[in-house]
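Accompanying notes for the structure given below.
The values are calculated or read from the model by the stated rules, or taken from the named source; none is laboratory data. These numbers were taken from a predicted model, which means no experiment stands behind them. For neighbour counting, all protein chains shown are included, and Cβ atoms are generated from backbone atoms with ideal geometry for every residue, glycine included. In case anyone asks, the SASA skips ligands and DNA or RNA and just uses the protein heavy atoms, side chains included. Shrake-Rupley method; radii C 1.70, N 1.55, O 1.52, S 1.80 Å.
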Number of protein chains: 2
Amino acid sequence: MSRKASLSGFHEWLPAERLVEQHVLDTLRRTFELHGFAGIETRAVETLGQLLRKGEIDKEVYAVSRLAEDAEGTSAKDPNDPKRLALHFDLTVPFARYVVENAGHLAFPFRRFQMQKVWRGERPQEGRAREFTQADIDVVGDGELSPRYDADVALVMAEALGALPIGDFLIRVNNRKLAEGFYRGIGLTDAAGVLRSIDKLEKIGPDEVARLLQEELGATEEQARQALELAAIRTEDTSFVEQVRALGVEDELLEEGLAELADVVGTLHRRAPGRAVADLSIARGLDYYTGTVYETVLVGHEQLGSICSGGRYDALASKGNRVFPGVGLSIGVTRLVMRMLSQEMAVASRSVPTAVYVALTQDADWSEAQDVAALLRERGIPAEVAVSAEKFGKQIKYADRRGIPYVWFMGRDDAGTRTHEVKDIRSGEQTAADPADWTPSAEDLLPQITRAEDVDPA
Amino acid sequence: MSRKASLSGFHEWLPAERLVEQHVLDTLRRTFELHGFAGIETRAVETLGQLLRKGEIDKEVYAVSRLAEDAEGTSAKDPNDPKRLALHFDLTVPFARYVVENAGHLAFPFRRFQMQKVWRGERPQEGRAREFTQADIDVVGDGELSPRYDADVALVMAEALGALPIGDFLIRVNNRKLAEGFYRGIGLTDAAGVLRSIDKLEKIGPDEVARLLQEELGATEEQARQALELAAIRTEDTSFVEQVRALGVEDELLEEGLAELADVVGTLHRRAPGRAVADLSIARGLDYYTGTVYETVLVGHEQLGSICSGGRYDALASKGNRVFPGVGLSIGVTRLVMRMLSQEMAVASRSVPTAVYVALTQDADWSEAQDVAALLRERGIPAEVAVSAEKFGKQIKYADRRGIPYVWFMGRDDAGTRTHEVKDIRSGEQTAADPADWTPSAEDLLPQITRAEDVDPA
């Protein structure tokens with residue numbers, strides 16, 4: 001992580017770093033599959049029309065055009081032509097299109113995971129990249145979708161994140177209906193505007209938010225105070241319901257939101273204690289959620305922002321009269337892995353998969369050395385073979401430089417019979433071995449990703 | 001595969017199709033790792049200057065620009081500005097840049113695999129897509145790279161392709177030095193031009209190639225005949241050497257090429273019999289290889305073109321005086337998977353990972369049903385839980401529609417004690433089961449990708 005990207009905002013990992021990212025992706029995929037999520041991928045490009053459907057995010061979009069068209073001047077003149085292609089900036093918009101296009105081939109409720117790169121032309125800064133990987137799960141229904149899935153997807157993510165070497169995390173849950181109902185109940189009708197201000201709470205503090213609410217949204221001092229009182233509520237269990245009721249606001253939508261959030265938080269509290277809280281300050285900015293919303297912080301790394309966010313859409317997608325509600329969460333894998341690496345939260349035990357380096361004492365043994373390696377690989381032991389005979393010391397040095405733990409030597413005994421020995425180059429211990437049954441320790445078989453000692457967050 | 005892509009050239013798989021692609025990627029990765037290749041990924045974008053370094057391929061490139069810049073008119077006016085960004089069209093050019101940028105952090109010879117999407121703005125047609133996945137392996141050296149790696153990478157690919165449910169394939173190997181030396185020996189000095197014509201042999205036939213050689217390259221009838229005689233040589237072992245010698249052409253480079261190719265083909269013939277041939281018609285068009293070149297055909301699907309190609313570069317990359325030779329092969333994963341699916345060569349046994357659907361007979365049992373599912377998942381059995389109580393028939397129908405083989409029922413015996421039964425919905429067989437130790441058959445545990453009966457290629 002001390003290396004600078006040669007193109008600002010476009011990070012590339014060294015092999016040992018990539019192993020950490022790959023471990024994260026493998027672990028997530030494993031958990032998602034155990035919970036019955038099917039993996040899909042969508043194309044990297046969407047039409048601008050599709051991408052801009054949900055709001056004004058054009059500033060972040062990378063447009064794509066065939067160079068030949070550009071050179072011929074035959075590309076669309078209007079930079080905002082809705083048919084123009086652009087790289088997707090998240091996996092939700094492409095998934096919504098995919099659901100509509102393939103509805104006839106999918107069985108609903110459709111559980112899918114999707115792990116792909118996305119692109120945003122934002123100014124690169126700590127924790128933000130222009131190209132990054134997201135890992136999403138969503139459940140989408142045809143016409144209806146049980147509110148139980150709101151707890152279900154959060155439980156899956158709690159299990160997935162809990163399987164990573166990242167320490168404690170906390171899923172903060174809120175509900176848009178609860179917030180909007182409350183604001184309406186106190187006389188603030190521009191719910192989106194209030195949410196936008198509340199969303200800045202962690203960045204600018206309550207006094208500034210109160211000022212914004214009054215100056216920009218025409219709230220009274222009392223209304224601003226009430227909105228901030230709501231946002232200050234945070235409970236591990238369903239006791240937030242009483243705390244909200246104590247604020248004395250009455251509204252039908254508020255009640256609906258309270259019931260929904262109590263259901264989700266109650267379930268999470270029972271089934272994943274300590275992993276989630278009701279946090280009534282969570283707003284999720286401009287995203288068009290309609291019920292439950294989630295953010296997730298890494299404990300001790302709160303300033304990193306959310307590493308896993310999402311929510312429920314009453315209409316993730318629609319096709320004529322047919323509506324597809326959905327609920328899901330998205331992990332910012334690149335952001336998470338950057339933090340894991342920069343804080344040395346996790347390290348790979350070596351940078352190559354190879355466990356055994358089969359040395360050569362004479363060039364003519366190459367094919368026989370390949371046979372040895374093949375026997376090892378058949379039993380799942382990654383092995384590579386030297387391409388030319390070298391002195392022992394040089395071969396050991398080569399393996400050592402690449403982090404390969406074992407070097408295999410072929411020799412001959414006094415009677416001229418083939419002998420095999422394997423050397424652990426860390427301990428220097430060398431023993432006779434049979435290529436058909438020698439096995440390294442479980443820790444040495446494949447590169448291990450281990451959680452390093454907790455270090456103080458910077 | 002009967003569905004049409006909503007954006008021409010940009011294919012998306014349905015969940016069951018994606019499982020086949022995922023199986024291909026997993027199998028390749030497993031083989032590459034067993035052979036000590038480290039996985040890396042590079043960013044999707046490169047500068048035009050980087051992409052166009054190796055030749056005139058600009059027509060195929062997708063340029064990328066921030067929409068905000070386009071709208072403000074602040075983007076580079078010159079469509080060929082070398083600093084402009086574009087999507088990579090292969091994984092070799094990005095890898096070469098990665099090696100140069102990270103040379104100080106890599107241990108050479110560096111063995112890497114890379115499986116990513118690439119983009120080309122070509123006219124979409126059968127077997128060609130605008131977005132597709134490649135799976136590459138390369139070995140790159142610092143200053144020098146043993147010729148043994150030319151056989152090594154081909155052996156790894158033979159093993160990787162042999163592990164896929166695709167039937168027979170044949171790696172065709174040639175050598176640029178052999179071809180260029182031969183052409184020089186018969187007095188044809190524009191080797192690149194001759195290679196370009198020979199490359200069209202399968203498409204247009206020998207008579208047309210002879211005409212091209214004479215009309216476009218000024219070859220005599222005799223020279224054209226000799227070039228075609230060379231291209232007609234194809235042997236499983238090293239007997240091609242004698243056949244070339246019998247043509248009576250003498251040239252130093254030709255001899256070097258013959259020795260190199262004999263070494264590669266001899267090794268492949270011994271270690272992977274039937275998987276490879278020397279094929280002296282292989283030219284690899286405009287690619288800037290300097291020694292061994294490879295193409296691979298799927299037997300019975302030759303008209304699909306090469307599914308795995310590559311070769312050796314004396315200078316894959318360079319940095320000042322430092323030169324990095326490399327040799328590698330690239331699988332066109334999308335092309336291969338499209339064929340596997342359209343010809344029903346491989347099918348997934350189901351479209352969801354879920355093996356067990358835990359039914360609900362009353363809503364209050366949801367949490368207990370989650371406990372059952374958790375016990376199954378702990379032992380690696382993918383399971384999902386119904387979100388609401390439904391009639392047995394409806395729950396079985398739901399599982400059946402999604403291809404889930406087992407439905408789990410929780411009940412109570414006469415004494416009110418909890419009972420568990422699991423039903424195989426294909427056979428209808430229902431048995432008592434303990435969530436702590438019941439296990440499905442190995443074939444039912446995860447979706448299986450199986451090779452369907454061979455069908456006649458269309």
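Assorted remarks:
- Residue tally, condition over 35 Å from the mean Cα position of the chain (by Cα), part of a loop (DSSP other than H, G, I, E, B) and among the charged types (D, E, K, R), over the stretch A:208-250: 1
- Residue that is nearest to the chain's Cα centre (by Cα), among those in the stretch B:14-44 that are facing chain A (nearest Cβ under 7 Å) and over 30 Å from residue A:374 (Cβ atoms): B:18
- Taking the criterion of being of a type in the set (S, T, N, Q) and open to solvent by 30 Å² or more (accessible area, probe 1.4 Å), the residues of the stretch B:330-354 that qualify are B:342, B:349, B:351.
- Among all residues of the stretch A:240-254, there is none that is of a type in the set (Gly, Ala, Ser), more than 14 Å from chain B (Cβ to nearest Cβ) and touching a residue at least 24 places away in the same chain (Cβ under 8 Å).
- Pairing residues of the stretch A:336-356 that are without any contact (Cβ under 8 Å) to a residue 60 or more places away in the chain with residues that are part of a loop (DSSP other than H, G, I, E, B), at Cβ distances under 8 Å and at least 6 apart in sequence or on separate chains, gives A:354/A:382; A:354/A:404; A:354/B:36.
- Among residues of the stretch A:357-398, those that are surrounded by 17 or more Cβ atoms within 10 Å (Cβ to Cβ), at the interface with chain B (Cβ under 10 Å from one of its Cβ atoms) and farther than 21 Å from residue B:263 by Cα, counted: 7
- Screening residue A:21 with (1) assigned by TED's automatic domain parsing to the domain that holds residue A:327; (2) modelled with pLDDT under 90 gives one miss only, at (2).
- Listed by first and then second residue, the pairs with beta-carbon distance under 6 Å, at least 6 apart or on different chains, first residue in the stretch B:56-85 and facing chain A (nearest Cβ under 7 Å) and within 24 Å of residue B:132 (Cα to Cα), second open to solvent by less than 40 Å² (accessible area, probe 1.4 Å) and at pLDDT below 60, are B:65/B:75.
- Looking only at the stretch A:307-329, and only at residues there that are touching a residue at least 40 places away in the same chain (Cβ under 8 Å) and of a type in the set (Gly, Ala, Ser), the one that is most open to solvent (accessible area, probe 1.4 Å): A:318
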